[in-house]
Each structure stands twice: as structure tokens, then as C-alpha cells.
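Participant: Here it is, the structure, as C-alpha cells.
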Amino acid sequence: MSRRRTLGTKKKLALLAGAAAVAGGGAFVAANASNAAQTAPGAQTRAAGDSTVCQGLATALGNNLRFIDGQRADPDAQSEARIANREAVVAEIERKQEASGCAAGESAPAPGSAPPPQSPPASQPAQPPQAGEQVCTGSTVTLSGEGGAPAASSNQFPVGTTLRVTNLDNGKSTTVTVDSVSGSCALLNDAAFEEVREDGKFLIRRALIEKVG
């Protein structure tokens, strides 16, 4: 009888040791959870930084989609080629959205905060911007995704117009010639945008756009 009671006591001690080990494991998991919670603000900061990239890509996608819609609504002899070119650009932007963790296919609507320009009275015809004059005040600048030598497209200036675009956040400038139509005052191709961009950003919020020729 005494031997059976002794063995029973050992079993109880073993069970208590196992329970302590489980409790220790729970404490370890809780500590890891606490450490993960402490790193969460850093993850939130990275997510907030990514939103600027996603917004820039969405703006570029919206500009290209509106350009395609415009060509389809009022086609000419070159519209089919332009549309095919821009559809390739759209596919590339969507690829960049997916690679950046953005919602693929998400596009930004056309800026609607500023009212459309009003035509001046007949007695005071509008005067075109002079060389060196600032234009499109308040406009943001993004990229079209097109390749080739530095160039721009515009919805306000004819092909052949020379524009100087300055990124006021880093002081970098590029002078480009308008070579096609788009939905923005100044939409830079990839090469031109690389000359003025900030690392990791696809949108210039503070831009100075000047007509220089």
C-alpha cells in the first residue's frame, strides 16, 4: 500500500511539471505577441508610405484610360495606333500596381476641385502663355509609363510646345517637348519623370510648370 501511494505522488509531480511547461509555453507565445504589437507602428508606417505610390499609379492609370476614351469618342487616322500604345501602357501600370501591393486596375478620377476655365468675353480674347510664364498652377505631375527619350503629353498645349517641369520638393527640373495629347497639363514619360522624381514616388505634388518655347 505504501509503495502505491509513493508512485501516485510521483505521477502527481510529473503532471504538475508538465502543466508548468505548458504555462511557460503560453507565456512565451504571449511575449511574442507583445513584441509583434510593438513592431506594428513600423508596419503601419510602411503601409502609409505605400499609399503615395498607389495614388501615383492610380493617377497615371486614370490619365491613360481617359485618353483612350477620348480617342474612341473622337477618332482620327492615328487613333487606333494611339489606343494600342496606351493599352500597353495601361497593362504596364497595372503590373506595377500589383508588384507594389496596390489594387490592380484602380484608377484616380479626373481632378474636379478646380472649376473648368471660363472663356473670356469676346472683347477680351484669351492670350496664350508667353515664353517663361508659369502655367497650370496647382497641377500635380505624374508619369504616363511610356518609354523613349524624355518627352511630355498635354491637354492644354499643342505638339511641339516646350515645357520646363520643376519638382519643388527636391529642386530637380527637366525641359521637355510635348509630343502627344493626354488628360493632364503635363504628363511626363518614364525618362523625363526619372529626371525629377523622388525615390519611390510616382507623383509630384508640388510642381512648377513653365512654358519656355
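The values are calculated or read from the model by the stated rules, or taken from the named source; none is laboratory data. Small disclaimer: the values here were computed from a predicted structure and weren't measured. We place every Cβ from the backbone using ideal geometry, glycine too, and count neighbours over all the protein chains shown. All accessible areas refer to the heavy atoms of the entire protein, side chains included, with ligands and DNA or RNA removed. Shrake-Rupley method; radii C 1.70, N 1.55, O 1.52, S 1.80 Å.
Participant: Run down GLY183, GLY148, GLY138 and say which single residue is assigned to a loop (DSSP other than H, G, I, E, B) and at pLDDT 90 or above.
Facilitator: GLY148
Participant: For the range 73-108, enumerate the residues that are in a helix (DSSP H, G or I), touching a residue at least 40 places away in the same chain (Cβ under 8 Å) and farther than 11 Å from LEU61 by Cα.
Facilitator: If the condition is that a residue be in a helix (DSSP H, G or I), touching a residue at least 40 places away in the same chain (Cβ under 8 Å) and farther than 11 Å from LEU61 by Cα, then ARG82, ASN85 are the ones that fit.
Participant: Mind counting the residues in the range 179-195 that are of a type outside the set (A, V, I, L, M), open to solvent by less than 60 Å² (accessible area, probe 1.4 Å) and farther than 17 Å from LEU65 by Cα? Reasoning before the result, please.
Facilitator: Within the range 179-195, the subset of a type outside the set (A, V, I, L, M) is 179-180, 182-185, 189-190, 193-195.
Checking the rest, the ones that are also open to solvent by less than 60 Å² (accessible area, probe 1.4 Å) come to 180, 182-185, 189-190, 193.
Narrowing further to those that are farther than 17 Å from LEU65 by Cα: 190, 193.
Of the residues in that region, 2 qualify.
Participant: I would also like to ask the following. Among the residues of the range 132-151, which ones are more than 25 Å from ILE68 (Cβ to Cβ), small (Gly, Ala, Ser) and touching a Leu at 6+ places or on another chain (Cβ under 9 Å)?
Facilitator: If the condition is that a residue be more than 25 Å from ILE68 (Cβ to Cβ), small (Gly, Ala, Ser) and touching a Leu at 6+ places or on another chain (Cβ under 9 Å), then no residue fits.
Participant: Find all pairs meeting these conditions: Cβ atoms under 8 angstrom apart; at least six residues apart or on different chains; first residue within the range 152-178 and under 21 Å from ASP69 (Cβ atoms); second residue loosely packed, with under 15 Cβ neighbours inside 10 Å.
Facilitator: VAL178/PRO158; VAL178/VAL159; VAL178/GLY160
Participant: Still on this structure: Inspect the range 160-179 for any residue being more than 21 Å from the chain's Cα centre (by Cα) and assigned to a loop (DSSP other than H, G, I, E, B) and give the result as yes or no.
Facilitator: There is at least one residue in the range 160-179 that is more than 21 Å from the chain's Cα centre (by Cα) and assigned to a loop (DSSP other than H, G, I, E, B).
Participant: Sort out which residues of the range 196-213 are open to solvent by less than 20 Å² (accessible area, probe 1.4 Å) and within 11 Å of THR140 (Cβ to Cβ), and write them in order of number.
Facilitator: Hits for the range 196-213 are LEU203, ILE204, ALA207, ILE209.
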